[in-house]
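Input: a single structure, listed below in structure tokens.
The values are calculated or read from the model by the stated rules, or taken from the named source; none is laboratory data. Treat the numbers as computed from the prediction; the structure is a model and nothing was measured. Please note: Cβ atoms are built from the backbone with ideal geometry, for glycine as well, and neighbour counts cover all protein chains shown.
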Amino acid sequence: MKNGPEDGLAAITVILLAVVAFTFVSEILHATPFSLPSRPPLERFLWTYRGLDVLIQGFIVFAAAAAVAALFKVEKGPGAVEEVAVEEGLEKGGD
Amino acid sequence: MVEPWQLYAAAASAAIIIGIYGAASKRNMLKTILSVEIITASVNLNFLALGSRGGIVDSLAQSIVVVSIAIGACVAAVALSIMINVFRHYGSLDLKKLRRLRW
Amino acid sequence: MEIPLLVQPIAILLSTALLTPIVDVVGKKVKAEKIRDIFAIAGFGAAFYSLISLHQAISSAGPQKYILGTFGVPAGGVQLTADRLSVYMALIFCGIGLLVAIYSVRYMEVDSGLDKYYALLLTLVAGMIGVAFSGDFFNLYVFWEMMCISSYTLVSFRKYRWEPVEAGFKYLVMSTIGSLLALYAISLLYGFTGTVNLKELSAAISSGQVSASPLSLYFTIGMIITGFGVTAAMVPLHTWLPDAHPAAPSSISAMLSAVVIKAGVYAMCRSLFTIFSPASFDYGTVLMIFGILTMTVANLMALMQRDIKRLLAYSSIVNIGYILTGVGIGAYALSHYSSSPKLATPIAVFALMGAMFHILNHAVGKGLLFLCSGCFVHEAKTRDIPELEGIGRKMTWTGTSFSIGLLALAGVPPLSGFWSKLFIILAGFSLPEDSFMKFISIIVVLNSIFAASYYLWLMQRIMLKEPKPRIANVVEAPASMLLPIVILAAVTVVIGIWPGAIISLAENAGRALLGG
């Protein structure tokens with residue numbers, strides 16, 4: 001085990017989650033089908049009934065583009081200087 | 001009699017657990033991000049599985065999944081950008097090197 | 001083209017966000033870079049004004065609804081609805097956003113790429129207002145992700161240092177897993193009922209025609225609480241917050257602590273109370289237990305901090321604990337005393353009113369504290385409390401406002417925090433024969449006293465000690481950074497002395513959460 005305690009903790013978590021999933025998922029699978037209203041096929045449905053979702057998703061793509069641009073921007077100077085209180089015994093991580 | 005949608009839904013919940021395990025235990029940051037992508041994919045699969053019980057997949061489920069895939073891609077892009085910035089500071093993708101990253 | 005009043009705030013903020021890079025390029029050409037800052041502030045101001053008009057429209061005409069085109073809800077259309085709770089939350093989000101934008105003009109001027117900063121700040125607030133206004137659960141997730149993506153990037157904005165980048169990565173991984181768990185809950189609810197509209201889900205589940213067993217529905221409730229609880233910083237899902245809030249630029253720390261975590265609480269409450277009627281499902285107990293766990297753990301951790309922003313971050317977690325306990329008391333009263341609604345409903349409204357009032361108080365107070373500590377850090381270049389001792393005597397305006405904020409959040413009468421904590425505690429004591437609620441209220445009282453002790457300790461160190469030689473030369477912060485601070489301090493004092501108007505707003509918001 002490379003990680004030691006983390007791998008053990010993760011394995012315990014997985015076992016607990018598997019127990020939870022088995023209990024609940026077997027309940028979920030017994031739910032009987034619902035009766036659907038007849039909906040148009042996807043091509044028309046997406047742009048009409050779900051138009052607001054697609055519009056906001058477009059703005060999310062713009063925000064993600066701005067985010068990636070901000071994370072790769074070129075710095076023009078040293079930037080803000082802030083000293084952090086480093087806990088004793090741990091050295092600063094990098095840089 | 002096990003119907004197909006039940007198999008897909010059970011597989012989706014199993015994949016979510018695999019994703020949570022991966023995100024919690026992997027040391028490489030790229031594997032952590034990939035585990036998050038596994039969770040995204042399995043939640044999308046769950047939507048489609050639960051929407052397919054009439055014989056064809058419901059249009060509402062399909063539209064939700066289309067939008068969710070696009071959002072997942074945006075989150076992955078931002079995650080990878082932050083990961084590259086971490087690499088520039090620390091020189092490695094090992095989560096152990098990040099000083100305060102205690103789960 | 002007439003944009004409906006409900007869509008106006010989001011449309012104004014998003015179009016301002018789109019145009020900010022263009023305005024930035026124009027500003028650089030004419031050598032007046034601050035144009036983009038003024039443009040962003042104008043966008044926030046216009047959105048705030050339209051929210052006030054919307055508030056007046058809702059007060060006179062009732063909740064507003066909006067559907068894009070003619071595509072109605074039963075077939076799967078998206079609906080935006082605004083009732084009094086939504087517009088109450090949206091006003092808080094946009095007001096704090098406006099003040100943070102004014103503060104950022106001078107605070108962020110050493111950084112480059114500020115057009116993206118303002119564009120992301122605008123999309124952050126647009127996403128939060130969208131979460132407040134959405135009536136469709138998947139649409140809520142879409143706006144939620146817009147808010148989250150903007151906030152991950154803004155935390156890591158100063159990427160030239162290692163700390164924001166590390167904190168941003170941890171925040172991203174934890175918060176994305178939380179959002180995906182909430183999306184899993186949405187998919188389960190879709191699987192049970194065939195719709196994702198909040199009102200239709202509520203009708204389907206309360207009518208009992210859903211064939212899912214109660215166990216599956218409680219599993220879905222658990223997923224919703226866990227998923228939104230990560231962003232709401234509920235213990236044990238809070239571990240991203242003490243790293244992300246100090247590492248972010250102080251204006252963004254103020255946004256995160258004051259409004260982003262409240263959006264998590266709002267999404268949790270709105271989805272739980274609307275879809276799962278509190279009379280039939282008991283989630284109040286769980287919310288109360290996690291609320292007091294959150295308060296207690298974070299109070300103990302806050303004492304051990306040397307970094308001023310990390311201490312304030314832990315105190316944000318404590319206040320989320322108060323809010324969740326207030327909401328939990330309301331839900332508990334409705335579910336355990338559902339046979340006598342005449343007894344339960346006033347108690348629930350009272351508890352929810354306390355929780356909503358505390359959301360406003362904490363947003364104003366914690367925003368004030370983070371902006372003040374941003375001023376201290378901007379001038380003294382350190383976040384270490386032993387180094388910052390006595391700085392309040394050198395920076396008198398900032399120090400006084402900082403003290404007002406600390407006293408308000410400590411619950412000292414007659415400032416604002418006293419009233420909201422009092423309401424939550426009284427709601428817990430209002431049923432004398434229920435010992436569990438009394439036990440919860442006693443824990444809330446003990447935690448309030450404990451938190452007041454370290455707030456006063458911090459105030460004593462910042463204001464009353466002798467300044468070290470290192471900070472002997474600090475001057476007062478610039479006027480544009482002082483303006484939001486003074487406004488927030490004045491709002492805190494005014495709410496404390498005349499709480500009546502805000503109490504009625506919070507009560508209407510609480511009633512709207514329970515269905516009007």
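Quick notes on this one:
- Among the residues of region B:4-25, those identified as more than 9 Å from every other protein chain (Cβ to nearest Cβ) and more than 13 Å from the chain's Cα centre (by Cα) are B:PRO4, B:LEU7, B:TYR8, B:ALA11.
To keep it simple, each residue is scored yes or no on (1) over 19 Å from C:TRP144 (Cα atoms); (2) without any contact (Cβ under 8 Å) to a residue 12 or more places away in the chain.
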{"residue": "B:ALA12", "(1), (2)": "yes, no"}
{"residue": "B:ILE17", "(1), (2)": "yes, yes"}
{"residue": "B:SER52", "(1), (2)": "yes, no"}
{"residue": "B:GLN62", "(1), (2)": "yes, no"}
{"residue": "B:ALA79", "(1), (2)": "no, no"}
{"residue": "B:LEU95", "(1), (2)": "yes, no"}
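- Exactly one residue out of B:VAL66, B:VAL43, B:VAL36 is more than 9 Å from chain C (Cβ to nearest Cβ) and among the aliphatic types (A, V, I, L, M), and it is B:VAL66.
- Close pairs (6 angstrom Cβ cut-off, 6 or more residues apart or separate chains): more than 9 Å from chain B (Cβ to nearest Cβ) in region A:6-29, of a type outside the set (Gly, Ala, Ser) and part of a helix (DSSP H, G or I) anywhere: A:GLU27/C:LEU215
- Here region B:43-61 is the region considered, the condition is being in a helix (DSSP H, G or I) and surrounded by fewer than 22 Cβ atoms within 10 Å (Cβ to Cβ), and the residue that is modelled with the lowest pLDDT is B:LEU48.
- If only residues of region B:51-63 that are in contact with a Ser or Thr (Cβ under 8 Å, 6 or more places away or on another chain) and within 9 Å of chain A (Cβ to nearest Cβ) are counted, the one that is farthest from C:CYS148 (Cα to Cα) is B:ASP58.
- Some residue of region C:471-485 being closer than 14 Å to C:LEU303 by Cβ and not aromatic (Phe, Trp, Tyr): no
- Within region A:54-86, restricting attention to residues that are facing chain B (nearest Cβ under 9 Å) and in a loop (DSSP other than H, G, I, E, B), the residue that is modelled with the highest pLDDT is A:PHE72.
- Pairs where the first residue, in region C:165-193, is surrounded by 24 or more Cβ atoms within 10 Å (Cβ to Cβ) and the second is basic (Lys, Arg), C-beta under 6 Å, 6+ apart: C:VAL165/C:LYS159
- Matching entry among B:LEU48, B:LEU60 (being of a type in the set (A, V, I, L, M, F, W, C) and in contact with a helix residue (DSSP H, G or I) (Cβ under 6 Å, 6 or more places away or on another chain)): B:LEU48
Here's the yes/no breakdown for (1) within 12 Å of another protein chain (Cβ to nearest Cβ); (2) modelled with pLDDT under 95; (3) out of contact with any strand residue (DSSP E or B) (no Cβ under 7 Å at 6 or more places or on another chain):
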| residue | (1), (2), (3) |
| --- | --- |
| C:PHE93 | no, no, yes |
| C:MET108 | yes, yes, yes |
| C:LEU114 | yes, yes, yes |
| C:GLY127 | yes, no, yes |
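- Total residues in region C:217-248, condition in a helix (DSSP H, G or I) and not aromatic (Phe, Trp, Tyr): 19
- If the condition is being touching a residue at least 24 places away in the same chain (Cβ under 8 Å) and over 18 Å from C:CYS94 (Cα atoms), then region C:1-17 contributes only C:PRO4.
- Residues of region C:443-466 satisfying the condition of being within 18 Å of C:ASP307 (Cβ to Cβ), touching a Leu at 6+ places or on another chain (Cβ under 9 Å) and not aromatic (Phe, Trp, Tyr): C:ALA451, C:LEU458, C:MET459, C:ARG461, C:ILE462
- Unique match (being more than 12 Å from every other protein chain (Cβ to nearest Cβ) and not in a strand (DSSP E or B)) among C:LEU122, C:LEU98: C:LEU98
- Residue in region B:69-86 that is farthest from C:ILE149 (Cα to Cα), counting only those that are under 13 Å from the mean Cα position of the chain (by Cα) and more than 9 Å from chain A (Cβ to nearest Cβ): B:ILE69
- Lone unmet requirement of (1) among the polar types (S, T, N, Q); (2) touching a residue at least 12 places away in the same chain (Cβ under 8 Å); (3) under 21 Å from A:ALA70 (Cα atoms) for C:SER86: (3)
- One residue stands out among those in region C:138-181 that are polar (S, T, N, Q) and more than 7 Å from chain A (Cβ to nearest Cβ): the one that is nearest to the chain's Cα centre (by Cα), which is C:SER151.
- Any chance C:GLY194 is within 25 Å of C:THR274 (Cβ to Cβ) and at pLDDT below 90: yes
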